[in-house]
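First the structure, which I've put down as structure tokens, then a few questions once you've had a look.
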């Protein structure tokens, strides 16, 4: 017997995000408190965090953009459009370039459930288990897929499965949905071959996917429409890199929660006006805070790089809590996607640009390569140096067999190459019951307090005790 | 059967030792989409890495984690503790994410002499087949360069013929196993397949001929319940014995350490001329592994046909804890088989854990009672 699911994530998300329409202009703290007052504490706390004073304008733009993204999907069928379910490791720009299709991203919907819906992602997870699926599968995708399997949510017209080669769990859960609900599945395999030939075959797969989407939508991928999307994607890319400069600053003027905004912008809104507006508002916030010398704590104590995902079920008690302690959340692997501009000259240059973009998406660029450890180490050593990280955290999402299987190599190499210590935690990024946030806080406090800040204090003491070189040497 | 069982008593058996003493090189691999014909044609002995339910994982746990499947951890353990030091090289493959991690750690920690990564696509798209043929060409070059040999088309063709013959002999043994009174038990059949991955092909062919003659008039007890076993990488004779000990006979299986490694690979292929393209078609087209992401119907048909041919009363689908591929596939297979009226027991187990046997025994007993057998 399966667990009962009363409503799907999209429907519930639409109702909840519809609340945002009640806000006029930039609301006060009291207005936000009043708006969310009837929600259960978990949902209220997280939504309030997304509209915290330090990021309120950007938060509003972001929430409205996500709300509109969900409404577009809801209205798609009535407008004769197809709903295409895509995973996070795939550029939605391609689907946006079709007039008759809208993309919905599995993992973003899961995050909405985990973060905003009363009760979090638990009931969907339970439903998945009640089908007999193992408890070690990845909640990032299986929570939303459970919603679809339950028959209480929208059903997509097609599924793009872009993880074969990069993630078994992601690929299998999409295949499972395809089989269970008889929905066509289009594969975009990552060939784990870093040579030019590997890239060529990936390009071929990508073009096959375009043909499948054309068949689904009954529409050719129009060059002018594609160019419009690509130009907007390029604007997003520019803004991303401008924001990246702010992430490098000391103290980092960007609120920690901007990392949470960056991922859905890439996974859902890239190539759209909504994506551009969100990034512009984030940039404006960053500049305003930089100019005013604002930081969320008295001073920046520690710069933290999350080498994989982080935790998304209690952002008030993770991202904002870290900020208040003076710990900057520099990036996680989902916000560290390093986009490149696409040449808009011709249909082929644009498609080639999208191929490269897909190739470089988070997870593909680390786990979809010939060596997971080498690619991951290379990215994280670069990021640690570029962003000036004092330490790194691996959240230890228990379903991720790839990262768990090579994190020992990353740990050794991060220390060897960048002198950055790595804390390996264990917890589910989307399920609050696996490791409670209070335990995670405790572990972070111990690690940062003792290993990172403790080492900084020791270095300062050593410097104070050591005589200055010039004073000690009369010759110089 | 003793001459088969003896082979699996040690990892470096007498045939491996003899081969190496004669100057031969041995390369380890794990996945059944590895074209052993290429290694054979290079004069290199392909050795199928296994763990035989090895319960120790302390060295491997320092590199992998407890969230990785224990089959991979056990294999890595044997790589790190020196058991597999007799291998002259390792052939990595992307059978699953965890195997990739296992190989990366093996390479990182102990730098084996020959190390090559064979990347197999996860679909049968014509571009994927072309890409796999290219990968096979890369493997051919790597073997030639490292071992200083030339793999001629003639040698490769001869090797392909031999391995096709071996697979046909294994299929013939399956027919003996499917009889009203089977010629051997499931655990004995597993030993036969395990031995095949641990001896040179020429030796194996002779052993199979001898075995076929020995089994021609041999019968085990008439099974009270005829079972098909399928699911995740299972090279544990003890597991088969535990299941057969409670009153069933495993008359067929669909394991990669079993029928999946020869039956589907026996297929005739359309490819002509280009041997590597032909091998690509044989191995990808014949893959019944859940790592292929658009071939579920083929896997279901493989199980359904095996159930019918062996007249199995029920199916047990086992899954090693933390195996995503079979974790998903077993559920879908169970649903589809039950729709067809085939009783199924889905059994998640901890690989190489004798402590798990008691729990599994109880569940198997209950299943056998449900389908009308057991003791």
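Derivation of every value follows stated rules applied to the coordinates shown; laboratory data play no part. Everything numeric here is computed off the predicted structure, so don't read it as measured data. With ideal geometry, Cβ positions are generated from the backbone for all residues, glycine too; neighbour counts draw on all protein chains shown.
Starting from the Cα gyration tensor of segment B:120-165, take the square roots of the eigenvalues, sort them a ≥ b ≥ c, and report rounded, prolate or oblate (rounded when a/c is under 1.5, otherwise prolate if a/b is larger than b/c, else oblate).
oblate
If a paramagnetic tag sat 7 Å from the Cα of residue B:338 along the Cα-Cβ line, which residues of segment B:347-370 would have the backbone N under 19 Å from that point?
B:347-349, B:363-370
If a/c stays under 1.5 just call it rounded; otherwise compare a/b with b/c (prolate if a/b is bigger, oblate if not). Do that for segment B:2-152, with a ≥ b ≥ c from the square roots of the Cα gyration tensor eigenvalues.
Values: a/c = 1.73, a/b = 1.13, b/c = 1.52.
Oblate is the answer for segment B:2-152, as a/c is 1.5 or above yet b/c matches or exceeds a/b.
Could you give the alpha-carbon Rg of segment B:270-326 over 2.2 N^0.38 Å, rounded to two decimals?
1.44
For segment A:192-324, compute Rh as the Kirkwood radius over C-alpha pairs and then the Stokes-Einstein diffusion coefficient at 10 °C and 1.306 mPa s; write the answer in µm²/s, rounded to an integer.
The diffusion coefficient I find is 90 µm²/s.
In nm, to one decimal, how far is the residue A:461 label point from the residue A:288 one, both placed 7 Å along Cα→Cβ?
Using points 7 Å along Cα→Cβ, the separation is 4.3 nm.
Taking 7 Å along the Cα-to-C-beta vector as the label spot, tell me the residue A:3-residue B:9 distance in nanometres, rounded to one decimal.
Rounded to a tenth, the inter-label distance reads 5.1 nm.
Just tell me how shielded B:77-90 is by partners: mean number of partner chain Cβ atoms within 10 Å of each residue's Cβ, no decimals.
Mean partner-chain Cβ count within 10 Å for B:77-90: 0.
Let me ask you something else. Between segment A:426-465 and segment A:233-255, what is the C-alpha centre distance in whole Å?
Here the answer is 26 Å between Cα centres.
If you take the Cα Rg of the protein assembly as shown and divide it by 2.2 N^0.38 Å, with N the number of residues, what do you get? Don't skip to the answer; put the middle values down first.
On the way: Rg = 28.4 Å, N = 851, 2.2 N^0.38 = 28.6 Å.
That works out to 1.00 for the protein assembly as shown.
What order, most packed first, do the peptides A:188-197, B:4-13 have when packing is the mean number of other Cβ atoms within 10 Å of each residue?
Descending packing order for the listed peptides: A:188-197, B:4-13.
What angle, in degrees between 0 and 90 and rounded to the nearest 10, separates the Cα long axis of helix A:273-291 from the longest principal axis of the Cα atoms of chain A?
10
What does the structure give for A:183-192 when I average, per residue, the other chain Cβ atoms found within 10 Å of the residue Cβ?
Mean partner shielding for this stretch: 4.
Could I ask something else about it? What FRET efficiency comes out for the pair residue A:207/residue B:222, r = Cβ-Cβ distance, R0 = 60 Å, nearest 0.05?
Efficiency computed from Cβ-Cβ geometry: 0.55.
Roughly what % of Cα-Cα distances in chain A sit above 38 Å, to the whole percent?
Details: 24819 of 113050 pairs.
Summing the P(r) tail past 38 Å for chain A gives 22 percent.
Where the centroid of each part is defined by its Cα atoms, how far is segment A:137-214 from segment B:133-190 in Å?
That distance is 33 Å.
Can I ask one more? How much mean residue ellipticity at 222 nm does chain A get from its helices, if each DSSP H run of length 4 or more adds -39500 (n - 2.57) and you divide by all residues, to the nearest 500 deg cm²/dmol?
Value at 222 nm, helices only: -16500 deg cm²/dmol.
Between segment B:39-68 and segment A:327-370, what is the separation of their alpha carbon centroids in Å?
Each part reduced to its Cα centre gives a spacing of 34 Å.
Based on the Cβ-Cβ distance of residue A:19 and residue B:130, what FRET efficiency does E = 1/(1 + (r/R0)^6) give at R0 = 60 Å, to the nearest 0.05? Let's see the in-between values first.
Values: r = 53 Å, r/R0 = 0.88.
Working from the Cβ atoms, E equals 0.70.
How far, in degrees from 0 to 90, does helix B:201-215 lean away from the longest principal axis of the Cα atoms of chain B, to the nearest 10?
Between helix and principal axis, roughly 20 degrees.
Rounded, prolate or oblate: pick one for segment A:294-390, where a ≥ b ≥ c are the square roots of the eigenvalues of its C-alpha gyration tensor, a/c under 1.5 means rounded, and failing that, prolate if a/b is larger than b/c, else oblate. All intermediate terms of the calculation are to be shown ahead of the outcome.
Working: a/c = 2.45, a/b = 1.97, b/c = 1.24.
Prolate is the answer for segment A:294-390, as a/c is 1.5 or above and a/b outweighs b/c.
Tell me the volume per residue, in Å³, of the convex hull enclosing the alpha carbons of chain B.
Taking only Cα atoms, chain B has a hull volume of 124 Å³ per residue.
Enter the angle in degrees (range 0 to 90, nearest 10) between the Cα long axis of helix A:196-217 and the first principal axis of the Cα atoms of chain A, meaning the one along which they spread out most.
The answer is roughly 40 degrees.
Still on this structure: Just grab the label-to-label distance for residue B:209 and residue A:79, each label 7 Å out from Cα along the Cβ direction, in nm (one decimal).
With each label point 7 Å from Cα toward Cβ, the separation is 7.2 nm.
Sticking with this one: Provide the packing ranking of B:37-48, A:412-423, i.e. peptides ordered by the mean count of other C-beta atoms within 10 Å per residue, highest first.
Final packing ranking: B:37-48, A:412-423.
If you count, for every residue in A:166-174, the Cβ atoms of partner chains within 10 Å of its Cβ, what is the mean?
5
If each residue of separation counts as 0.36 nm, what is the full-extension length gain between residue A:135 and residue A:197 once their alpha-carbon separation is subtracted?
18.6 nm
Sorted by mean Cβ packing within 10 Å, highest first, what order do the peptides A:149-158, B:113-122, B:225-234, B:186-195 take?
Sorting A:149-158, B:113-122, B:225-234, B:186-195 by mean packing, highest first, produces B:225-234, B:186-195, B:113-122, A:149-158.
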